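This report concerns only the one structure given below.
The values are calculated or read from the model by the stated rules, or taken from the named source; none is laboratory data. Computed from a prediction, not measured in an experiment: that's the story for all the values here. As a convention, Cβ positions derive from the backbone with ideal geometry for all residues, glycine included, and neighbour counts pool all protein chains shown. Each accessible area value is taken on the protein alone, full model and side chains, heavy atoms only, with ligands, DNA and RNA left out. Shrake-Rupley method; radii C 1.70, N 1.55, O 1.52, S 1.80 Å.
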Amino acid sequence: LSAVKNNVINIENTRWLDACAAPGGKTSYLWERLPDTAEIVAVEFDVHRIQRLKNTLQRIDATSVQVIQGDATRPDTWWDGKKFDAILVDAPCSGSGVIRRHPDIKWLRQPNDLITLAQQQNTMLEKLWPLLLPDGYLLYATCSTFRVENDLVILNFTKNYSDVEIISIDVSSSEIPSMIKTDIGIQIFPSTYFIDNPLSCQAQNSFPLGAQQVKPAQHTLFINEERYVGMVSEWRTKCFANDILLENYSVAGPVMPSGDGFYYCLLRKKI
């Protein structure tokens with residue numbers, strides 16, 4: 001997200017699409033970091049997951065985000081015709097990068113699933129690309145470690161579109177030791193080097209929602225503000241999920257992302 005944000009975050013009146021938005025961590029990050037004049041549209045197909053998305057945004061009072069229940073492979077059923085400056089496609093995938101947290105994936109996934117998922121991912125890109133303005137950015141992401149869902153999807157997609165430019169994402173392997181730069185994007189592999197969201201943070205004016213204010217509470221959370229500021233949203237969302245509202249908090253230390261596997265590729269539409 002930072003890769004896209006750094007290119008257009010300071011531009012007023014930008015329009016952003018989170019095409020697979022639930023449960024809302026990415027959308028919350030955009031809402032927190034973008035100028036007030038930015039417009040954010042969050043689309044989610046699954047009726048149960050869209051409720052989680054709405055709950056997440058409600059807890060942080062992100063009332064300006066437009067939430068739509070719709071299929072990212074069928075934008076003709078929900079798109080209003082106004083194009084976007086940036087699109088985030090966190091595509092449905094095999095989940096092979098998060099097996100550590102979801103070990104049942106090893107039993108539930110079948111070899112043919114990869115073919116079906118890759119076709120769905122490619123269709124999603126083809127359908128969403130026309131929604132992007134010239135000089136706009138599309139960030140493609142998965143939590144997969146399989147090349148067939150990552151580089152090969154992008155390569156197949158770019159064969160049919162002459163206005164696609166692949167943008168290099170500037171991330172050092174010294175910052176993320178389990179990361180490699182592929183021919184197309186960035187692959188982060190699951191690693192025991194990282195730990196899940198440890199942190200140190202001072203939270204003031206902490207109180208249950210709808211209740212009287214209680215004494216300020218101490219909470220712990222590790223955040224690297226420059227690279228992983230998005231985790232602020234995820235951490236706050238978890239706190240809100242427990243009906244605790246935190247205000248005037250300050251980040252107190254450097255931090256590591258979780259040890260899951262992810263893939264990122266940044267595309268730009270040529271003028």
Quick check on region 41-198: take the gyration tensor over C-alpha atoms, sort the square-rooted eigenvalues as a ≥ b ≥ c, and tell me if it's rounded (a/c under 1.5), prolate or oblate. rounded
Once R74 and N156 are pulled to full extension, the length gained, defined as 0.36 nm per residue separation minus their Cα-Cα distance, is 27.6 nm
Once amide hydrogens are built 1.01 Å from N within the peptide plane, the residues lying 5 or more places from T145 or on another chain with amide H under 5 Å from its amide H are S96, G97
Would you mind getting me the FRET efficiency between Q58 and D170? Use the beta-carbon distance for r and R0 = 45 Å, nearest 0.05. 0.80
For D135, what residues show an amide H to amide H distance below 5 Å, using hydrogens built from the backbone and excluding near sequence neighbours? K269, K270, I271
Tell me, how many Å apart are the Cα centres for region 19-47 and for region 81-105? 14 Å
Per the 1/(1 + (r/R0)^6) rule, R0 = 22 Å and r from the Cβ atoms of T182 and H102, FRET efficiency to 0.05 is 0.40
If r is the Cβ-Cβ distance from Q110 to R147 and R0 is 22 Å, what FRET efficiency results, to the nearest 0.05? 0.75
How much accessible surface area, in Å² rounded to 10, belongs to the heavy atoms of M124 with a 1.4 Å probe? 10 Å²
With every protein chain kept in the model, how would you rank T116, T27 by accessible area, 1.4 Å probe, largest at the top? T116, T27
Amide proton proximity set for L17, modelled H, under 5 Å, gap of 5+: V41, A86, I87, L88
Using protein chains only and a probe of 1.4 angstrom, how many square angstrom of V98 are accessible, to the nearest 10? 10 Å²
I'd like the Karplus ³J(HN,Hα) series for region 30-40: coefficients 6.51, -1.76, 1.60, θ = phi - 60°, whole numbers in Hz, and an x wherever there's a Gly or Pro. 4, 4, 6, 9, 7, x, 4, 7, 6, 10, 10
